[in-house]
Amino acid sequence: MYKEVLDQLLKYDKISIFRHQRPDGDCMFSALALESFIKDNFPDKTVKIAGEDIYDLVSRNDKLSDRYIKESLAFIVDTSNETRIDDQRAMKARFKIKMDHHPLLENYGDINIIEPKTSACCELIAKILFSKDFKGYEISRKTCEYLYCGIISDTINFRTTNVTTDTFSIASKLVKVGDLQISELVEFVMDKSLDSFQKAAKIVSKLKLRGSFGYIFLKLSDLEKIGVSQIEAKNNIDEIGKIKELNIWSVAIETKDKLIDCSVRSKKGFIVNQLCARYGGGGHANAAAVKNLSKKDFKRFYEELDNMANQN
Ligand SMILES: [Mn+2]
């Protein structure tokens, strides 16, 4: 099944890699791992990464020309639907391969590799590169490092509910093949600077509780006061998840248009993506989001989350 991916890869000299809007660690590392694998094994091919360079650990934006994209084979990683791709020119590529681990929303690629049981897009890419279809190709230390970083970034170092025995098998293989220093990579991905730690403390101090539902609501003026971007603020959602008493928790952030973006997380079997989908969002069973809610819809949405978290 992955052979088709290899067949296409062999055909093209120009490769482009696309990500989702506001790329997170899994998305960034997926792009970098693919690039590293292709450069190691096909030094004559050109690889370029498109999109905003806003992820703080590693950032890239190769400023692709329209012509380059049109002639290229595009990989679109970690992105469930077309409108979420952060450079819409991806759809103009000569051939498109979607690689994703979110529940299926759209088959926008010419080939669509969608495996929602994988914990991270990096787990999926590692699975593909380790498959028999790719036998004989080099998976370098750098490639293994990127893939491992993506997995621990999306699973918060193997804490999330979508971690499986396959996740551990693949992580173990990456450590072995790449001779990886696990603790160094965990530090690189998970540790915060003093500045962002202190900002996080300010954000977390805004936590409000309704029984087993916890949330943080941030107005634009709050973001300004604390000195964080929307994406940085949202990333603190995992911090609240460590509270035992919570079943569902959320960070809601006011947008420039006075609408509200909400990220939602859950544990203990509480499934939130279907509720998010009813409000125009989506995501994984325990990690989902809704964007651009009106104040009225936001109120209703939080009431539903509250009810769900506190049922029985
Ligand atoms: Mn992901």
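The values are calculated or read from the model by the stated rules, or taken from the named source; none is laboratory data. Note that the coordinates shown come from a computational prediction; the quantities given were computed from them, not determined experimentally. Glycine gets a Cβ as well: all are built from the backbone with ideal geometry, and neighbour counts include every protein chain shown. Please note that ligands, DNA and RNA were not included when accessible areas were found on the heavy atoms of the full protein model with its side chains. Shrake-Rupley method; radii C 1.70, N 1.55, O 1.52, S 1.80 Å.
Within the stretch 62-82, does at least one residue satisfy the condition of being at pLDDT 95 or above, assigned to a loop (DSSP other than H, G, I, E, B) and acidic (Asp, Glu)?
Checked against the condition, which is being at pLDDT 95 or above, assigned to a loop (DSSP other than H, G, I, E, B) and acidic (Asp, Glu), the stretch 62-82 yields at least one hit.
Considering the stretch 119-177 alone, what residues qualify as being in a loop (DSSP other than H, G, I, E, B) and touching a strand residue (DSSP E or B) at 6+ places or on another chain (Cβ under 9 Å)?
Selection gives 160, 161, 162.
Would you pick out the residues in the stretch 98-144 that are touching a Gly at 6+ places or on another chain (Cβ under 6 Å) and surrounded by 22 or more Cβ atoms within 10 Å (Cβ to Cβ)?
We begin by selecting, within the stretch 98-144, every residue touching a Gly at 6+ places or on another chain (Cβ under 6 Å); these are 98, 120, 122, 141, 144.
Passing the criteria: 98, 120, 122, 144.
Are any residues in the stretch 97-125 of a type in the set (A, V, I, L, M) and either in contact with an Asp or Glu (Cβ under 7 Å, 6 or more places away or on another chain) or closer than 22 Å to residue 14 by Cα (or both), and if so, which ones?
97, 99, 111, 113, 114, 120, 124, 125
Output the number of residues of the stretch 235-266 satisfying the condition of being open to solvent by less than 40 Å² (accessible area, probe 1.4 Å), modelled with pLDDT under 95 and not hydrophobic (A, V, I, L, M, F, W, C).
Summing the residues that are open to solvent by less than 40 Å² (accessible area, probe 1.4 Å), modelled with pLDDT under 95 and not hydrophobic (A, V, I, L, M, F, W, C) in the stretch 235-266 gives 3.
For residues that are over 19 Å from residue 158 (Cβ atoms) and under 17 Å from the mean Cα position of the chain (by Cα), tally how many sit in the stretch 232-249.
Qualifying residue count, the stretch 232-249: 4.
Taking the condition of being farther than 23 Å from residue 161 by Cα and within 16 Å of the ligand (Cβ to nearest atom), how many residues in the stretch 82-103 meet it?
Going residue by residue through the stretch 82-103, those that are farther than 23 Å from residue 161 by Cα are 82-98.
If we keep only those that are within 16 Å of the ligand (Cβ to nearest atom) as well, we get 84-86, 98.
The number of residues fulfilling the criteria is 4.
Please identify the pairs in which a residue from the stretch 98-120 that is assigned by TED's automatic domain parsing to the domain that holds residue 152 has its Cβ atom under 6 Å from the Cβ atom of a residue that is of a type in the set (Ser, Thr, Tyr) and not in a loop (DSSP other than H, G, I, E, B), counting only partners at least 6 apart or on another chain.
Filtered contacts from the stretch 98-120: 119/167.
For the stretch 1-49, give me the residue count where each residue is in a loop (DSSP other than H, G, I, E, B) and open to solvent by 10 Å² or more (accessible area, probe 1.4 Å).
The qualifying residues number 11.
State whether one or more residues within the stretch 285-302 are of a type outside the set (S, T, N, Q) and closer than 13 Å to residue 212 by Cα.
Start the filter on the stretch 285-302 by keeping residues that are of a type outside the set (S, T, N, Q), which leaves 285, 287-291, 293, 295-302.
Checking which are closer than 13 Å to residue 212 by Cα leaves us with 302.
Yes, that holds for at least one residue.
Report, by residue number, each residue of the stretch 14-48 that is within 16 Å of the ligand (Cβ to nearest atom) and either within 15 Å of residue 142 (Cβ to Cβ) or without any contact (Cβ under 8 Å) to a residue 40 or more places away in the chain (or both).
Within the stretch 14-48, 28, 29, 30, 31, 32, 33, 34 meet the criteria.
Would you check if residue 206 is modelled with pLDDT under 95, assigned to a loop (DSSP other than H, G, I, E, B) and either charged (D, E, K, R) or within 27 Å of residue 191 (Cβ to Cβ) (or both)?
Here the answer is no, as residue 206 does not meet what is asked.
Looking at (1) outside any helix (DSSP H, G or I); (2) touching a residue at least 40 places away in the same chain (Cβ under 8 Å), can you tell me which one residue 228 breaks?
Evaluating residue 228 over (1) outside any helix (DSSP H, G or I); (2) touching a residue at least 40 places away in the same chain (Cβ under 8 Å) leaves (2) as the failure.
Among the residues of the stretch 110-163, count how many are away from the ligand (no atom under 16 Å from the Cβ) and under 30 Å from residue 268 (Cβ atoms).
So the answer is 0.
Is there a residue in the stretch 292-309 that is within 21 Å of the chain's Cα centre (by Cα) and outside any loop (DSSP other than H, G, I, E, B)?
So far as the stretch 292-309 goes, yes, one or more of its residues are within 21 Å of the chain's Cα centre (by Cα) and outside any loop (DSSP other than H, G, I, E, B).
Looking at residue 196, is it within 25 Å of residue 78 (Cα to Cα), part of a helix (DSSP H, G or I) and of a type outside the set (Asp, Glu)?
Criteria not met by residue 196.
Given (1) without any contact (Cβ under 8 Å) to a residue 40 or more places away in the chain; (2) of a type in the set (Gly, Ala, Ser); (3) assigned by TED's automatic domain parsing to the domain that holds residue 22, identify the lone condition not met by residue 150.
Result: residue 150 passes all but (1).
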